[in-house]
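> Got a structure for you, written out below as C-alpha cells; questions coming shortly.
Throughout, read-outs are computed from the coordinates displayed, never taken from laboratory work. All figures in this text were calculated on a predicted structure; none of them were measured in a lab. Cβ placement follows ideal geometry from the backbone for every residue including glycine, while neighbour counts extend to all protein chains displayed.
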Amino acid sequence: MHRPLTIEGLFPAGRLRRLGGHVDHYPQIDSTNTRLLAQADVLPDGAVAVAELQTAGRGRLGRRWHAPRGAAVMLSVLLKTTAGSSLLEHAAMLGAVAAAEAIETATGLMPRVRWPNDVMLSGRKVAGVLAESRTAAGEVALVLGIGINCLQQRGHFPPELQNSATSLEIESPRAIDRLAVARMLLERIDAWTVDEVDWPRLRESWRTRCDDFGVFARLLHNGDEYVGVIVDVLENGDLTVQIEHGGRRQFAAATTTRIWNT
Ligand code: BTN
C-alpha cells in the first residue's frame, strides 16, 4: 500500500516523548544519515529525517543502500548524547531490535536478527541499520539510520542481491502498509531511548531473535580472515567466536566484515 510518509501520518498524535520535535520529510535526498549528520549542530535531539527516495543511500562499510521511490522505509533519527555513552556502542543492536519489533507489530511477520545489524525474513535481509556519530564541543551526535524493504518485488533488487534480499511485500500474504511500519519503527526507537536504555533487556530481545549462536561464521578483521563458531554477543554488541584453530576472540561490528558464501 503506497502512502507517502507524511509528518502527520508518522506522528498522528504529535511528537513522541523523545522523537519528532523536528521532522523533515524529503521526496528526494542524497541520504537521510548524511543530512542529519551535517545538520546535527542546529537540529534538536530527537530530530527525524525521512525520505521517499535516496540518491546516495549508504550502508555499512561504505556499501550503497538503494530502494525505488516510495518502496522502503528510509529514515534517520538524531540522538544527542555524551562521549563514552553506551548508547554509541549499542546503537546498531537497538536499531535492529526496533526494526524487528516494528515489522512484527505492523505486519505479523516474525523477523530474525543477524550479527551485526541485519534484520532477516526467510533467511534474506529485509532491513539494515547504519549508526554514525559526530563529536562537537563535547557533545556526540548519534545518527541512527534504518532502511526497511517494504514494497519491492523480486525484480526490483539488482541481480547480485536477488538471493540475499527480500521485502515485507514478498514475504507477507497481506498487503503491506509502509506508513504503519515507519510509524511503529519511530515508536519503538522512542520507547527504547526515552529513558536510559535498558541494555540487559535490549540484549535479551536481540538474542531471542537471533539464530547465529552455534553457527559457523567467516569474519574479516584487520585484513585477516577468521573462521569459527559464534558463541555469544556481549553486552557491548561485540561478537564472541570460538576460533576453529583454538581460542576465543571478540569482534567489534565497526571493524569487522562478515563474509557470506552466497
Ligand atoms: C546496512 O544494512 O548496511 C545499513 C543500511 C542502512 C540504510 C539506511 S536508509 C536510511 C539511512 N540513510 C542512509 O543513507 N542509510 C540509512
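> Sort largest first and round to whole Å: the equivalent ellipsoid semi-axes of region 24-81, each the square root of five times a Cα gyration tensor eigenvalue.
Ellipsoid half-lengths, sorted descending, are 20, 13, 9 Å.
> Please list 3J(HN,Hα) in residue order for region 180-192, calculated via the Karplus relation 6.51 cos²θ - 1.76 cosθ + 1.60 where θ = phi - 60°; whole Hz, with x for glycine and proline.
Values per residue, Gly and Pro as x: 5, 5, 5, 4, 5, 4, 5, 4, 6, 4, 4, 4, 6 Hz.
> Let me ask something additional. What does the helix-only formula give at 222 nm for the chain: each DSSP H stretch with n ≥ 4 adding -39500 (n - 2.57), the total divided by the residues, and the result rounded to the nearest 500 deg cm²/dmol?
Numbers: 6 runs with 63 residues, N = 262.
Mean residue ellipticity, 222 nm, calculated: -7000 deg cm²/dmol.
> Can you tell me the equivalent ellipsoid semi-axes for region 130-262? Use √(5λ) from the Cα gyration tensor, largest first, whole Å. Walk me through the intermediate numbers first.
On the way: eigenvalues 158, 116, 52 Å².
For region 130-262, the ellipsoid semi-axes come out as 28, 24, 16 Å.
> Let me ask something else. Give me the net charge of Gln153's neighbourhood, meaning all other residues with Cβ under 15 Å from the Cβ of Gln153; Lys, Arg count +1, Asp, Glu -1.
On the way: positive: Arg69, Arg124, Arg154, Arg178; negative: Glu169, Glu171.
So the surrounding residues net to +2.
> Please report how far the C-alpha centroid of region 150-204 lies from that of region 58-109, rounded to the nearest whole angstrom.
A separation of 9 Å, based on Cα centres.
> Another question, if that's okay. Can you give the net charge of the other residues whose Cβ lies under 11 Å from the Cβ of Glu132, counting K and R as +1 and D and E as -1?
On the way: positive: Arg58, Arg60, Arg134; negative: none.
Once positives and negatives cancel, what remains is +3.
> Further question: By count of other Cβ within 10 Å, fewest leading, how are Phe251, Phe216, Phe11 ordered?
Going from least to most buried by this count: Phe216, Phe11, Phe251.
> Mind sorting Lys80, Lys125 by how few other Cβ atoms lie within 10 Å of their own Cβ, fewest first?
On the way: Lys80 16, Lys125 19.
Fewest-to-most Cβ neighbours within 10 Å comes out as Lys80, Lys125.
> Compute the Cα gyration tensor for region 87-164, then decide on rounded, prolate or oblate, letting a ≥ b ≥ c be the square roots of its eigenvalues: rounded whenever a/c is under 1.5, prolate when a/b is larger than b/c in the other cases, and oblate in all that remain.
Working: a/c = 2.55, a/b = 1.81, b/c = 1.41.
Because a/c hits 1.5 or more and a/b exceeds b/c, region 87-164 counts as prolate.
> Quick one: among Asp224, Asp212, Asp238, which has the greatest mean-square fluctuation in a GNM of the chain with alpha-carbon springs under 10 angstrom?
Highest fluctuation among the options: Asp224.
> Still on this structure, I have one more. If you stretched the chain out fully between Arg201 and Val227, how much longer would it get, using 0.36 nm times the residue separation minus the C-alpha to C-alpha distance? Mind dumping the intermediate values first?
Values: separation 26, 0.36 × 26 = 9.36 nm, distance 2.94 nm.
Gain on extension, Arg201 to Val227, equals 6.4 nm.
> Along the charge dipole of the chain, pointing to its positive end and built from +1/-1 on Cβ of Lys, Arg, Asp and Glu, which listed residue (Val197, Ala131, Gly108) has its Cα farthest out?
Gly108
> May I ask for the net charge around Arg15, where only other residues with Cβ less than 15 Å from the Cβ of Arg15 are counted and Lys, Arg are +1 while Asp, Glu are -1?
Details: positive: Arg17, Arg18, Arg183; negative: Glu8, Asp24, Asp45, Glu187, Asp190.
Neighbour charge sum, excluding Arg15 itself: -2.
> Per 5 Å bin from zero, what fraction in whole % of the C-alpha pairs of the chain is there, up to the bin with the longest pair?
Each 5 Å bin holds this share of Cα pairs: 1, 6, 14, 18, 20, 18, 13, 7, 3, 1, 0, 0.
> Further question on the same structure: How do Trp115, Trp192, Trp260 rank when sorted from fewest to most other Cβ atoms within 10 Å of their own Cβ?
Numbers: Trp115 25, Trp192 22, Trp260 10.
Placing the least packed residue first, the sequence is Trp260, Trp192, Trp115.
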